Amino acid sequence: MQVRNRRSANWTLEAAAWSPRKASANVLDRLHEWGYREVDQAAVGLTELLVRTAVADGGRRVSVHLADQNRQALIVALSHRPGLAVADTAVLPKLTGLGAVSCGTDTAEDGRRVWAVLDL
């Protein structure tokens, strides 16, 4: 995944039960470094759901990608489990319910990507 012309960060974690909490702490710390503190609860909820969804794919690791632009954050979780069926969209209403202004999922050669955009 490539991100250009904006701040970004990424982390790779073991696909484990503790990964959603660790990922949300990483995302929150970075958002705070960038000066965003108003949406902590939504950022944590979205990140944890994105990572739980990626972990459920059964791969060995997940990666989390964060970028900001125009007072919005893009949070992406990638499962790194190739060969998955077409992306499951059942998670999308849950992401919207947690505050995502836009969200999506797709399946590619490198696994399933699940993402959300959050207004900051």
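The values are calculated or read from the model by the stated rules, or taken from the named source; none is laboratory data. Small disclaimer: the values here were computed from a predicted structure and weren't measured. Note that we place each Cβ from the backbone using ideal geometry, even for glycine, and neighbour counts take in every protein chain shown. Heads up: the accessible areas ignore ligands, DNA and RNA and are worked out on the full protein's heavy atoms, side chains in. Shrake-Rupley method; radii C 1.70, N 1.55, O 1.52, S 1.80 Å.
Where residues in segment 31-47 are crowded, with 20+ Cβ neighbours inside 10 Å and under 19 Å from TRP18 (Cβ atoms), which of them is nearest to the chain's Cα centre (by Cα)? Spell out the reasoning first.
Here is the first cut: in segment 31-47, the residues crowded, with 20+ Cβ neighbours inside 10 Å are 31, 43, 45-47.
Checking which are under 19 Å from TRP18 (Cβ atoms) leaves us with 43, 45-47.
Working: ALA43: 9, GLY45: 10, LEU46: 7, THR47: 5 Å.
Ranking the qualifying residues of segment 31-47, first place goes to THR47.
Identify, please: which residue in segment 61-104 is of a type in the set (S, T, N, Q) and touching a strand residue (DSSP E or B) at 6+ places or on another chain (Cβ under 7 Å) and is, among those, modelled with the lowest pLDDT? Only one residue fits best here, namely THR89.
Checking each residue in segment 1-22 for being open to solvent by less than 40 Å² (accessible area, probe 1.4 Å) and more than 18 Å from GLY111 (Cα to Cα) picks out only ALA9.
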